[in-house]
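Here's the structure we're looking at; comments come further down.
The values are calculated or read from the model by the stated rules, or taken from the named source; none is laboratory data. Since the structure is predicted, the reported quantities are computational estimates derived from the model, not experimental observations. Counting neighbours? That spans all protein chains shown, and the Cβs are built from the backbone with ideal geometry, glycine included. The accessibility values were calculated without ligands, DNA or RNA, using every heavy atom of the protein model including side chains. Shrake-Rupley method; radii C 1.70, N 1.55, O 1.52, S 1.80 Å.
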Amino acid sequence: MGPSGSGKSTLLHSLAAIIPVDSGEILFDGRNIGKFSDNKRSILRRTTFGFVFQFSQLVPELTVIDNVALPLLLNGVNRNKAYAEAKKWLEAVGLTDKHENTPGEISGGQMQRVAIARAMVVQPKILFADEPTGSLDSLNSEHVMELFIKTAKDNGTTVIMVTHEPSIAAYADREIVVRDGQIIGAK
Amino acid sequence: MLMILVFMAGVNALQAQTQHASWRYDLFTADENQKPIDGVAPLKAKIATDGNFNKWQNESITTVSLRAGGVTSPQLSGLPTPKDGEYYVSRGLAKVMQDHPEDNIGSRFGSKQIGIIPEALSTSPDALEVIRGMSEQEANSGRVASIYKFSSSTEAVSRYSGSVGVILIFGASILLFPIVMFISIATQLGSAQREKRYAALRLIGATRKQVSRIIAVESLSAVVVGIVVGSLAYIAVLPLMSQFEFGGVRFWQSDLTVQSSHYVLAVIVTLLFCLIANWWGMRHVQVSPLGVARSGKVSKRPRAWRLILLAPGLVTFIWLSLPSGTDWLRDNASDNAAPLLILMVGIMSVMFGLLLAGPWLTSNISRLAARHTKSAITLLATKRIAMQSSRIFRSVSGVVLALFAGSFYLTGVSGIAKLNTDAVANNGYSGLRDATAIVSGDVLPTAFDAKLRQQPYISSVVASGANDKGNLIDCQNLTLYTRLACPDGSKPSDEVLLNFDSPTVKGVEVLKSTPTTTSTSYLVKLDSNNDLDKLRTFVASSIGDSTAAWVVSGTYAQIPIVNPIIPELANLAYVGMGVTLFVAIASLIVSTIGGLLERRRSFVTLRLGGMTVGQMKRTVMIESLIPLVSVSLVACGLGVWIGWVFISAMSDSAEPTLTPLYFAIVIGSLAVAIVAIWLVVPMLEKITQPEQNQTE
């Protein structure tokens, strides 16, 4: 948690192997992922991590189910299996009737639920979320967070989430406060 | 601007070429159009058609013979009517006469050259033309027109505009179409780069109207620069254009110069094209103080009604490919206009049907591929193609027109070339050896062979008795003058009868008895084929006023008689295909770059989610190239097929074949497109750098 410009997103991006680190180490399963090559980081992200951002950033040309199945297809999973998994996760987030819709045809809250399904479909060990409810109203934020936490708990996935909203931070088991690039507290 | 000016210059030059020759139109139509006028003595006129003295080497010399009936006879503008023995020559013929004085060509037309035919009456600087004065005896014999008044050139020009003009305008539209598309796509990309500035202007208080005005002024400035550059480029290419040949001859440079009124029209057309293309590109863009938004609505899925034009055309050609259709076509081709009409309507239906049906075909083929693919990359690419089918097809639609029209024409022409080769093979004169000639005609002096033998450039002559069945030649001379031979065992004095006016005799038969002959022809062996025109001139001078004698060259009989416009249009088809493909590739590059910038966020997400840069590159390659490659193959395939049906309908012996140049242009252009996109896609790596997109 922290105010804008405090460095919380940079920290999350470093932890998620999105950007390389200038100094220090990021250890995951005993390996320093901060020094991985770009290709190796890409493969790590798509096989082991999941992501949910403020704006769901779905691929507009693909249908909802295509978007969810995409990470599995990128991993070389068989098409039928990938779509069966995607279907399962769309059911889990309550979007059974939206499979064939495109992102432009569903609401912001529904898009975030699709993003959660897409993040979870690879059964990530860690799910990184950057202001996942930043673009939603409070009612939708609450629904999305409940789904988010329940899904992660049910699947044993660790969630690392960035927010500046205390009400959203309250869903977490552990809270780290960042300011001006420094960790200034934890609870 | 350059394209429009070049096009206008071309049309201008073609019209002017017709206009220069329009006075000859009065000679052909004198019987219907020329009525006696009181107080006007007719001008007697004819265009030579008999004999072949109106030839130099293998080119025709347009020879007009005139005789004024009196002082009141009409005159050609700026050219006093030549008297008997006098003649004018065109600039092209004057050059030939200067370069080949040994041929003494002028003496075929008279004894005194009195000037050069002015530009206004001559079709080209290369045209071989003569206007000569004829004797009273000649003016009163044969088919001679009486001219009382030369009409204006309007009628001839309008006749011309009605046929070739339509073809040219049609061809130019095919070339301009992809260019307009290119401008539209380039405008979109240009505006994408300027959008942040427009948004900043809105933020500091500029109204929507003011921003629109700034956009218009910026576009206008670019167009003005384009007009200036295009005009200068036109001036630079003018000397090159004056070397361009159409129908085997060049245009007068003055005819290629665009008139001021046409120049103004070109400027207006360019401005309109650019402004419309600009408006088209920007019509979905909303500039607000917070940024620029495109109404990114996914284009509507194209419906099957788009096949309404293509389907009847395809059905027509499928039927014409079947034996029943082909038979009907051949049975009716010579009797009525219906077969040609059906073919033309069918071709138009397929060509424009392809344009209309393109988005539907693109959408459905890509949807089908997306439904069955196992690859994430293909899924992403084909889904994008399916969703944006109208837009994607628009960027390659110019290629459809050019490749279809080009493939159709070149296939058809290749069939005609085969027919021409067959015609040579079936021409009896092509059996003559190189540097030989046959001199024939009822008006030849008696014992003409002796006079021929005296000519220093003639190595041998043999007189050959002839009747309506052919020429009588003994076996000894047969091998000397022709590439034929008597059967084994025949004696040198044995005789054969050969009809040069009919297809080549496959088997030579020795005659058992000598038939009666009614005239004499002369087989002549020249030192070189370059001496042919000396022979023509000698024969012409030996028969007085008459033109009823023929000198047929064995060398030229082996060359197909092809209207030079056919291979020149084929060259234009190659150029058209090359230019259109070049523009299409440029459009493809611009639209690919535009698409990458537009979808940067989407790509960033994919990269954050673990998609490698290599996978993204492959996606972009597939989605950019598949429409171009598939559309090109479909257009080429349909063009070749319809060209084949067309030419097969005309003749059962035609065998359409495509040249290596055709394949080189199509395959080479597609290879260039692949390389071009391959060079563009590395920008994906840069624009999706996670470090540079943390704020997204």
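Conditions tested, residue by residue: (1) more than 20 Å from residue B:615 (Cβ to Cβ); (2) in contact with a Phe, Trp or Tyr (Cβ under 9 Å, 6 or more places away or on another chain); (3) more than 7 Å from chain B (Cβ to nearest Cβ); (4) open to solvent by less than 40 Å² (accessible area, probe 1.4 Å).
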position: A:6; (1), (2), (3), (4): yes, no, yes, yes
position: A:16; (1), (2), (3), (4): no, yes, yes, yes
position: A:21; (1), (2), (3), (4): yes, no, yes, yes
position: A:24; (1), (2), (3), (4): yes, no, yes, no
position: A:34; (1), (2), (3), (4): yes, no, yes, yes
position: A:52; (1), (2), (3), (4): yes, yes, yes, yes
position: A:58; (1), (2), (3), (4): no, no, yes, yes
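Yes or no: region B:648-661 includes at least one residue that is part of a helix (DSSP H, G or I) and not hydrophobic (A, V, I, L, M, F, W, C).
The answer is yes, given that some residue of region B:648-661 is part of a helix (DSSP H, G or I) and not hydrophobic (A, V, I, L, M, F, W, C).
Going by what's in this entry, would residue B:421 be described as within 14 Å of chain A (Cβ to nearest Cβ) and of a type outside the set (Asp, Glu)?
Working: within 14 Å of chain A (Cβ to nearest Cβ): no; of a type outside the set (Asp, Glu): yes.
So residue B:421 does not fit the description; no.
Considering only residues that are in a loop (DSSP other than H, G, I, E, B), at pLDDT 90 or above and within 41 Å of the chain's Cα centre (by Cα), which ones fall in region B:455-485?
Scanning region B:455-485 gives a single hit, B:457.
Output the strands (runs of 3 or more DSSP E) that fall wholly within region A:91-187 and possess 2 or more residues being in contact (Cβ under 8 Å) with a residue 24 or more places away in the chain and either of a type outside the set (S, T, N, Q) or touching a Lys or Arg at 6+ places or on another chain (Cβ under 7 Å) (or both), or say none.
Passing ranges, in order: A:126-130, A:158-162, A:176-179.
Looking at the structure I just gave you, is residue B:371 open to solvent by 10 Å² or more (accessible area, probe 1.4 Å) and either without any contact (Cβ under 8 Å) to a residue 40 or more places away in the chain or within 14 Å of another protein chain (Cβ to nearest Cβ) (or both)?
So residue B:371 passes the test.
Determine, yes or no, whether residue B:407 is under 22 Å from the mean Cα position of the chain (by Cα) and not aliphatic (A, V, I, L, M).
When the stated conditions are applied, residue B:407 passes them.
Condition first: within 14 Å of chain A (Cβ to nearest Cβ) and of a type in the set (Gly, Ala, Ser). Can you find one or more residues in region B:346-362 that meet it?
Looking for residues that are within 14 Å of chain A (Cβ to nearest Cβ) and of a type in the set (Gly, Ala, Ser), one finds none in region B:346-362, hence no.
Can you name every residue in region B:34-67 that is farther than 21 Å from residue B:100 by Cα and among the hydroxyl-bearing types (Ser, Thr, Tyr)?
B:49, B:65
Considering only region A:144-178, how many residues are open to solvent by 80 Å² or more (accessible area, probe 1.4 Å) and under 24 Å from residue A:90 (Cβ atoms)?
Within region A:144-178, residues that are open to solvent by 80 Å² or more (accessible area, probe 1.4 Å) and under 24 Å from residue A:90 (Cβ atoms) number 4.
Looking at (1) without any contact (Cβ under 8 Å) to a residue 40 or more places away in the chain; (2) under 27 Å from the mean Cα position of the chain (by Cα), which is the one condition that is false for residue B:424?
Answer for residue B:424: the failing condition is (1).
Mind checking which residues of region B:256-295 are open to solvent by less than 30 Å² (accessible area, probe 1.4 Å) and modelled with pLDDT of 75 or more?
Answer for region B:256-295, where residues must be open to solvent by less than 30 Å² (accessible area, probe 1.4 Å) and modelled with pLDDT of 75 or more: B:256, B:258, B:266, B:270, B:274.
Let me spell it out: the conditions are (1) under 15 Å from residue B:2 (Cα atoms); (2) assigned to a helix (DSSP H, G or I); (3) under 26 Å from the mean Cα position of the chain (by Cα), and residue B:258 meets all of them except one. Which number is the exception?
Condition (2) is where residue B:258 drops out.
Given the residues A:168, A:65, which is the only one that is away from chain B (no Cβ under 14 Å) and not small (Gly, Ala, Ser)? Break it down into steps so the answer makes sense when it comes.
Working: A:65 fails: away from chain B (no Cβ under 14 Å).
Just one listed residue meets the conditions, A:168.
If I go through region B:612-621 residue by residue, how many of them are in contact with a helix residue (DSSP H, G or I) (Cβ under 6 Å, 6 or more places away or on another chain) and crowded, with 23+ Cβ neighbours inside 10 Å?
Total meeting the criteria: 1.
Restricting to region B:566-584, name every residue that is surrounded by 21 or more Cβ atoms within 10 Å (Cβ to Cβ) and of a type in the set (Val, Ile, Thr).
B:580, B:583
Which condition number does residue B:439 fail, the rest of (1) buried (at least 22 other Cβ atoms within 10 Å of the Cβ); (2) assigned by TED's automatic domain parsing to the domain that holds residue B:567 being met?
For residue B:439, the exception is condition (2).
Does at least one position in region A:107-114 carry a residue that is more than 7 Å from chain B (Cβ to nearest Cβ), surrounded by fewer than 20 Cβ atoms within 10 Å (Cβ to Cβ), over 15 Å from the mean Cα position of the chain (by Cα) and within 23 Å of residue A:145 (Cβ to Cβ)?
yes
Inspect region B:496-514 for any residue being in a strand (DSSP E or B) and open to solvent by 20 Å² or more (accessible area, probe 1.4 Å) and give the result as yes or no.
Yes, that holds for at least one residue.
Could you list all residues from region A:76-100 that are open to solvent by 50 Å² or more (accessible area, probe 1.4 Å), within 11 Å of chain B (Cβ to nearest Cβ) and either charged (D, E, K, R) or more than 19 Å from residue B:383 (Cα to Cα) (or both)?
A:81
Out of B:171, B:115, I need the residue that is crowded, with 16+ Cβ neighbours inside 10 Å and either modelled with pLDDT of 70 or more or within 30 Å of residue B:400 (Cβ to Cβ) (or both). Which one?
One residue alone meets the criteria, B:171.
For a quick check of your reading of the model, give me the residue pairs whose first member lies in region A:38-49 and is more than 8 Å from every other protein chain (Cβ to nearest Cβ), whose second is surrounded by fewer than 17 Cβ atoms within 10 Å (Cβ to Cβ), with beta-carbon atoms closer than 6 Å and at least 6 apart or on different chains.
Every condition considered, the pairs that remain are A:48/A:125.
Do any strands (runs of 3 or more DSSP E) entirely within region B:1-107 hold 2 or more residues that are open to solvent by 30 Å² or more (accessible area, probe 1.4 Å) and more than 18 Å from residue B:245 (Cα to Cα), and if so, which?
Those strands (runs of 3 or more DSSP E) span B:43-47, B:62-68.
Find the residue count for region B:539-555, including only residues that are buried (at least 20 other Cβ atoms within 10 Å of the Cβ) and either assigned to a loop (DSSP other than H, G, I, E, B) or out of contact with any strand residue (DSSP E or B) (no Cβ under 7 Å at 6 or more places or on another chain) (or both).
Residues in region B:539-555 being buried (at least 20 other Cβ atoms within 10 Å of the Cβ) and either assigned to a loop (DSSP other than H, G, I, E, B) or out of contact with any strand residue (DSSP E or B) (no Cβ under 7 Å at 6 or more places or on another chain) (or both): 5 in total.
Could you tell me how many of the residues in region B:655-696 are under 30 Å from residue B:418 (Cβ atoms), modelled with pLDDT under 85 and not hydrophobic (A, V, I, L, M, F, W, C)?
5
Could you list, in sequence order, all residues of region B:585-601 that are assigned to a helix (DSSP H, G or I), within 13 Å of another protein chain (Cβ to nearest Cβ) and open to solvent by 20 Å² or more (accessible area, probe 1.4 Å)?
B:598, B:600, B:601, listed by residue number.
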